[in-house]
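Accompanying notes for the structure given below.
The values are calculated or read from the model by the stated rules, or taken from the named source; none is laboratory data. Fair warning: this is a prediction, and the values are worked out from it, not measured in the lab. FYI the Cβ positions are ideal-geometry reconstructions off the backbone, even for glycines, and counts take in every protein chain you see.
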Amino acid sequence: MTERNIAAEVLEGLREVREHRAGKRTLKTVRVEPRPLPKLTPEIIRSVRDRLGVSRVVFAHMIRVPIRTAERWEQSRSSPPESAAALILMAQRYPDMSDLLASP
């Protein structure tokens, strides 16, 4: 393992700051537009749970939501937020996902 030269790294950083202030160095801007997720219907949510072969309680624990929340999604009383929808879609595509999340 090579030893770091902290002083040289600090000096390089200061040089870059000076160049940026002088207009010689610009920061790159990257725009990332999120792609919309497919709308999850209660039928899709139930089919994912059925495909995993788990009860509603186990499914709620797998995706880390309260049991009543999963129940409301399946009964069309509310819709999952995008973060939960993404997790459900991941569970649909990768059934072993909850095992991977639970492992250290």
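What to note about this one:
Yes/no matrix, rows are residues, columns are (1) within 19 Å of Pro38 (Cβ to Cβ); (2) in contact with a Cys (Cβ under 6 Å, 6 or more places away or on another chain); (3) modelled with pLDDT of 90 or more:
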residue: Arg49; (1), (2), (3): yes, no, yes
residue: Ala60; (1), (2), (3): no, no, yes
residue: Pro66; (1), (2), (3): no, no, yes
residue: Trp73; (1), (2), (3): yes, no, yes
residue: Arg77; (1), (2), (3): no, no, yes
residue: Pro80; (1), (2), (3): yes, no, yes
residue: Ala86; (1), (2), (3): yes, no, yes
residue: Asp96; (1), (2), (3): no, no, no
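- Selection of first residues in the stretch 57-85 that are at positive phi and of second residues that are in a helix (DSSP H, G or I) and of a type outside the set (Phe, Trp, Tyr), restricted to Cβ pairs under 7 Å at least 6 apart or on distinct chains, gives the following pairs, ordered by first then second residue: Ser76/Pro42.
- Annotation: of all residues in the stretch 1-47 being aliphatic (A, V, I, L, M) and not in a helix (DSSP H, G or I), the one that is surrounded by the most Cβ atoms within 10 Å (Cβ to Cβ) is Leu40.
- Yes/no for Arg64 being out of contact with any Asp or Glu (no Cβ under 6 Å at 6 or more places or on another chain), surrounded by 10 or more Cβ atoms within 10 Å (Cβ to Cβ) and in a loop (DSSP other than H, G, I, E, B): yes
- Flag if Ser55 is polar (S, T, N, Q) and loosely packed, with under 13 Cβ neighbours inside 10 Å: yes
- Total residues in the stretch 17-47, condition more than 15 Å from Pro81 (Cβ to Cβ), at pLDDT below 90 and in contact with an Asp or Glu (Cβ under 9 Å, 6 or more places away or on another chain): 1
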